[in-house]
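Below you'll find the structure, written out as structure tokens, and then a few comments.
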Amino acid sequence: MKVLAMVYPGMTLLDMVGPMQAWSFVPGYEVQYAWHRPGAVTTDCGLSVEATNSFENAWTDPDVIFVGGGAKPTLDLLGDTAALAFLADRGSRARWVCSVCTGSLLLGAAGLLRGYRAATHWSAREALSQFGAEPSDERICVDRNRMTGGGITAGIDFGITVAGLWAGDSMGRVIELLMEYAPMPPYGTGRPELADAQTLETANAVVQQAMAGA
């Protein structure tokens with residue numbers, strides 16, 4: 001299973017780490033991390049990841065193309081023609097086209113979600129419509145070979161679910177156990193419909209600041 005992940009400065013680290021951790025247990029897993037050039041790429045939490053390949057020398061026929069999301073850096077990337085061309089090219093041949101969080105906006109801008117249902121972070125859900133996608137409020141959305149996840153922590157659910165699709169439910173159950181994935185949210189405010197009005201108002205303000213780069 002050749003997984004080709006696009007990384008970029010300012011991306012949300014957990015969007016990528018959740019799925020990759022789950023997929024690393026799948027037999028035959030291989031991964032490349034691609035950006036304009038190889039080298040360290042700093043994520044939004046200050047921790048860097050290593051781009052192993054450039055757009056030019058990354059796999060041309062991956063089994064999986066994957067991209068995570070973020071805030072303003074992701075919106076800025078919507079204007080990066082080389083990055084979008086890379087996603088469009090690899091996505092046209094990949095068996096599976098995947099994203100977590102606002103990474104689906106990048107897939108949409110690359111023309112890969114037109115006519116498909118897709119999920120993203122709750123704050124960006126309606127923006128998917130401008131790319132011809134049908135916004136979904138699912139935490140994990142599977143439409144044919146397009147598989148998209150909700151925001152940030154949804155990447156863990158997404159990664160385990162997709163691993164089960166690839167390697168079978170028995171392996172999916174094993175991966176869930178190996179990762180000790182038994183979440184117990186301390187506040188229970190993890191989706192807009194679960195949050196109280198004040199929490200939602202504050203969260204919306206934080207999102208707006210992040211999208212503006214403040």
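Structure above, values below:
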| quantity | calculated |
| --- | --- |
| Gain in span if fully extended, N53 to E138, counting 0.36 nm per residue against the direct Cα distance | 27.4 nm |
| Computed [θ] at 222 nm, helices only, for the chain once each DSSP H run of length n ≥ 4 contributes -39500 (n - 2.57) | -11000 deg cm²/dmol |
| Net charge dipole size for the chain [Lys, Arg +1 and Asp, Glu -1 on Cβ; Debye, nearest 20] | 400 |
| Axial C-alpha extent at least 18 Å, average Kyte-Doolittle at least 0.0 - helices from the chain (DSSP) | 81-93, 154-167, 197-212 |
| Interchain or long-range residues, amide H under 5 Å from D143's placed H | T148 |
| Least to most buried among E134, E180 (fewest other Cβ within 10 Å first) | E180, E134 |
| Among 3-13, 95-105, the order from most to least packed when residues are scored by Cβ within 10 Å on average | 95-105, 3-13 |
| Chymotrypsin sites (Phe, Trp or Tyr not before Pro) lying in DSSP loop within the range 138-190, provided at most 16 other Cβ fall within 10 Å | Y181, Y187 |
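Read-outs throughout are calculated quantities, based only on the coordinates presented, and are distinct from any laboratory measurement. These numbers were taken from a predicted model, which means no experiment stands behind them. Reconstructed Cβ throughout: ideal geometry from the backbone, glycine too, with neighbour counts over all protein chains shown.
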